[in-house]
Amino acid sequence: MRKRMIAMVSFLTLAAVPAFAQTPKAEVGVVFGWVYSDGVSGSTRFVPGAGPGGGVGSFDRIDPKDSFGWGVDVGFFVSPNAEVGFMYGHQPTKLLVGGTLGTPDREIGDMSIRTYHGTFTYNFFEGDSRIRPYIMGGLGATDFGEVAFTRADNGVSGKLGGSTKFSSTWGAGVKVYGSGRVGGRLGVSWTPTYIKSDAAGYWCDPYWGCYLVGDPQYFNPLMLNGGITLRF
């Protein structure tokens, strides 16, 4: 009886090894795509011109320019469907100021935007499915790099300092796998980043009294992307 039990346990263990080996423990993704960037608005500023012909224009917006972007993410499966990981993104772009009263947009200078987020991803369907839709969310930071500029009114050069802001990221898409470890992916991601708040008036309560409330403004990049995924 004991020999039979040992033989049965040994058989089940050996049979489970290939299935366990085929279950992915982690995956690495590389994506490339186009980023639609939406900046913030503010009070109108007039920029004088260098010559007698008038000013450069009036401006009330500042936005990163829509551009190419790429990213890398690493995820570790904590269940057949759930994974936790880290995502890095990079958008090489230019900083623009937008005008009013017909003033055309003007480029201030080159700019790099980098994002760093811890993520949680839920993959639908079974772990060995060829097609796996997914949804993703994460928390982290967006880093706006320095911008070198030359003033249009007097030709003086300088730099706008960079800054790092708290941000979240959200995404969805689908992963398609072949017979091996390599698969393709298509998706969309949105990374809202708080920039500032404009005064929007006062809110009054009979108990708490009155206080100033603000209208928050966010940097809102939306990325349409595609790439590859490697499962391990």
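According to a simple spin-label model (label point 7 Å from Cα along Cα-to-Cβ), what is the distance in nm between Glu146 and Lys65?
Taking the simple label geometry, Lys65 and Glu146 are separated by 2.1 nm.
Figure the gain on full extension for Leu139 and Ile228 (residue separation times 0.36 nm, minus the Cα-Cα span) and round it to one decimal in nm. Working shown, then result.
Values: separation 89, 0.36 × 89 = 32.04 nm, distance 2.31 nm.
29.7 nm is the gain from fully extending Leu139 to Ile228.
Semi-axes of the equivalent ellipsoid of region 65-157: what are they in whole Å, largest first, if each equals the square root of 5 times a C-alpha gyration tensor eigenvalue?
Details: eigenvalues 334, 40, 18 Å².
Square roots of five times the eigenvalues give 41, 14, 10 Å.
Full-extension gain between Ser197 and Thr23, please, as 0.36 nm times their residue separation minus the C-alpha to C-alpha distance. Kindly include the intermediate steps, with their values, before the conclusion.
Working: separation 174, 0.36 × 174 = 62.64 nm, distance 4.75 nm.
Extending this stretch completely gives an extra 57.9 nm.
At Ile131 and Trp170, where each label point lies 7 Å from the Cα along Cα→Cβ, what is the point-to-point distance in nanometres?
According to this spin-label approximation, the distance is 2.5 nm.
If each residue of separation counts as 0.36 nm, what is the full-extension length gain between Tyr36 and Asp105 once their alpha-carbon separation is subtracted? Please report the intermediate quantities before stating the final value.
Working: separation 69, 0.36 × 69 = 24.84 nm, distance 1.60 nm.
That pair, Tyr36 and Asp105, stretches by 23.2 nm at full extension.
Values quoted throughout were computed directly from the atomic coordinates according to the rules given, and no laboratory measurement underlies them. Treat the numbers as computed from the prediction; the structure is a model and nothing was measured. Here the Cβ is made from the backbone with ideal geometry for all residues, glycine too, and neighbour counts use every protein chain on show.
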